[in-house]
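Structure record follows, encoded as structure tokens.
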């Protein structure tokens, strides 16, 4: 099979790859900017009121009048998606904040504490990692009731162990690096080594992880809402739209497919931006 390198000169191939990467970055920034505007000023993008009922146009497919179609009450789905952006992003960002905060504490203790304490924290991380997020969500819903806060806490706690392992690995890698050994040889204090070398180098990858986590958290929260464990309809939060639309999946496919595509689009844009940030940080380390 002929490779791309044999068809194109090396310079042309590299320019083509860079052009494709730049296009992906620009698209992701454009998508994220659109959702940011939708979250801050939804009225600027919406074409209808998200709560206006029009039973004479219920369950109509996508058209020039209703770009994403209408729901069972005749409400414009596009406008409801736009107005639901704020709550969906708030859940994603909130869950990410909870997750990263817990992960920082657990990962740092597991990597820096004495052997007995570190071993105990590692066991806690493993238990949390093995505990099903869905089961945790059911438990929290039974205690707190279905709400956006329940989604934030459930997704935050459920995703924290994976990030705690990443942070622990980054800190251990930084501890064993040559620049830390050089700092020890120069007689720097433990506090200075932690603050100047270990923590900055261990935390730097979190910048990319946070952008990835926001998209992942929105997907998780929407999945919980689809199962009736999140914000209850008629809220326009994206997961609630999926939950409301599943009843009419055989009659109105757009009520499920379009909100699902919106969620995937945001997750892909956040992931693409996160990867570019990670590449920039890696180049800066070299």
- request: Keeping to the range 156-180, report how many residues are in contact (Cβ under 8 Å) with a residue 12 or more places away in the chain, assigned to a helix (DSSP H, G or I) and surrounded by fewer than 15 Cβ atoms within 10 Å (Cβ to Cβ).
  value: 2
query: Got a number for residues in the range 221-254 being under 29 Å from residue 166 (Cβ atoms) and buried (at least 24 other Cβ atoms within 10 Å of the Cβ)?
result: 8
Residue satisfying condition, being under 18 Å from residue 223 (Cβ atoms), more than 18 Å from the chain's Cα centre (by Cα) and touching a residue at least 24 places away in the same chain (Cβ under 8 Å), within set 141, 153: 141
field: Pair list, Cβ under 9 Å, 6 or more apart: the range 48-64 residue at positive phi and surrounded by 15 or more Cβ atoms within 10 Å (Cβ to Cβ), other residue modelled with pLDDT of 90 or more and assigned to a helix (DSSP H, G or I)
entry: 59/255
- prompt: Taking residue 221, is it out of contact with any strand residue (DSSP E or B) (no Cβ under 8 Å at 6 or more places or on another chain), at pLDDT below 85, part of a helix (DSSP H, G or I) and within 16 Å of residue 147 (Cβ to Cβ)?
  reply: yes
message: Can you report the number of residues in the range 265-281 which are more than 14 Å from residue 30 (Cβ to Cβ) and at pLDDT below 85?
response: 8
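Matching residues to (1) under 19 Å from residue 169 (Cβ atoms); (2) touching a residue at least 60 places away in the same chain (Cβ under 8 Å); (3) in a helix (DSSP H, G or I); (4) within 21 Å of the chain's Cα centre (by Cα):
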site: 98; (1), (2), (3), (4): no, yes, yes, yes
site: 105; (1), (2), (3), (4): yes, no, yes, yes
site: 110; (1), (2), (3), (4): yes, no, yes, no
site: 128; (1), (2), (3), (4): yes, no, yes, yes
task: Name every residue in the range 44-77 that is assigned to a helix (DSSP H, G or I) and either at pLDDT below 90 or under 21 Å from residue 253 (Cβ atoms) (or both), in order of residue number.
output: 55, 56, 57, 77
message: Here is a check on your reading of the model: is residue 28 at pLDDT 85 or above and either assigned to a loop (DSSP other than H, G, I, E, B) or on the phi < 0 side of the Ramachandran plot (or both)?
response: yes
- prompt: Across the range 113-145, what is the number of residues that are surrounded by 19 or more Cβ atoms within 10 Å (Cβ to Cβ) and within 17 Å of residue 228 (Cβ to Cβ)?
  reply: 3
- request: Can you tell me which residue among 81, 41, 37, 98 is surrounded by 21 or more Cβ atoms within 10 Å (Cβ to Cβ) and modelled with pLDDT of 90 or more?
  value: 81
- request: Looking for whichever is more than 30 Å from residue 66 (Cβ to Cβ) and crowded, with 16+ Cβ neighbours inside 10 Å here; the options are 193, 214. Which one fits?
  value: 193
message: Considering only residues that are under 16 Å from residue 256 (Cα atoms) and out of contact with any helix residue (DSSP H, G or I) (no Cβ under 8 Å at 6 or more places or on another chain), which ones fall in the range 52-77?
response: 58, 60, 75, 76
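The values are calculated or read from the model by the stated rules, or taken from the named source; none is laboratory data. This is a predicted model, so every value here is computed, not measured. Virtual Cβ from ideal backbone geometry, glycine too; neighbours counted across all protein chains shown.
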